[in-house]
Amino acid sequence: MIENLDDWETWHARPPRLPLLIRIALLHYQFLTIHPFRDGNGRVGRMLIQLLLEEERALSAPLLYVSAYFAANRTEYYDRLQNVREKGEIQEWLQFFLTAVHVQAEDGLARALHLLELREKYRADLSGVRSRAPEVVDMLFENPVVTAAQVQLQLNVSNQGALNLLRSLERRHWLSTLGSFGRGGTKFWYAPQVLQLFDDESRPAPEESE
C-alpha cells in the first residue's frame, strides 16, 4: 500500500500532461482504489478534490462543493468507481466527474447571486435608517452566525450598542437567537435567510463510514 501511495504522489507531482479536471478525477479514483485508511477514505478522497483545485489555484475560495453531487447521486457515484475497476469504464467515470463539476459550479454561481441579491435587499431596506445596522448586515454575509462581542469589536461600539443593533435586525426577522453557549453563556444570533440559501436538497446527507 505504501508503494502504491508513493506512486500516486509521484504521478501527482509530475508536470501535467492532462487537463486539470481530468487529472483530479483520476487522482480521486486512484486514491479510493488504494484505500489507504481503515475508515474515512471516501471523505478524504473527496476533500482531496477541493485541495487539488486550490493547489492549482483554480479556485480563489473553496466554493465548488462537488461532494454534494456525489451525495445526491450516491449509487451512481459508487457504480462508476466500481465499473472502472471491474470493466475499465474510465471514460464513463470521467464524464460523471465532469458533470458533477459542471452542476456544482452552476449551483455555486446561483447561490452567490442569491446572496448578492439578498444583501442588496437588506441594504436598500436600511437606506433611510441612521444606524450602523448596514455594517452588521455586511458581517452576516461574511459569517451568518454572530455574537454581540464580535459586533462590538468589529464596529468599535459598546456592548449595549452591539446588542441594540442585533435586536434591531432581529425585529426585522433578519436575525434569530441561536441560544447561549459556553461557560459565560455567550448568546449567538444567526441569519436564517442567509443560511437557508445553503440548506436545501443539494447538501449531502451524513456520510457513512467508508
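Bear in mind these aren't lab numbers, they're just calculated from the coordinates by the rules spelled out. This one's a predicted model, so the numbers in the text were calculated from it and none came from an experiment. Positions of Cβ are generated from backbone atoms using ideal geometry, with glycine treated the same way; all protein chains shown enter the neighbour counts.
Backbone geometry of region 171-184 corresponds, through the Karplus equation with coefficients 6.51, -1.76 and 1.60 at θ = phi - 60°, to 3J(HN,Hα) couplings of 5, 7, 6, 8, 10, 9, 7, 8, x, 10, 9, x, 4, x Hz, x marking Gly and Pro.
Using a Gaussian network model of the chain in which every pair of alpha carbons under 10 angstrom is joined by a spring, one finds that among 144, 36, 19 the greatest mean-square fluctuation is at 19.
With helices as the sole contributors, the chain gives -20000 deg cm²/dmol at 222 nm; each DSSP H run of n ≥ 4 counts as -39500 (n - 2.57), and the sum is divided by every residue. Label separation (residue 98 vs residue 20): 1.6 nm, computed from points 7 Å beyond Cα along the C-beta direction. About the centre of its Cα atoms, the chain shows a dipole size close to 1000 debye [charges on the beta carbon of Lys, Arg (+1) and Asp, Glu (-1) only; nearest 20 debye].
Springs between Cα atoms under 10 Å define the GNM used for the chain, and in it the highest mean-square fluctuation of 119, 38, 183 occurs at 183. When peptides 188-197, 173-182, 52-61 are ranked by their average number of other Cβ atoms within 10 Å per residue, the highest-first order is 188-197, 173-182, 52-61.
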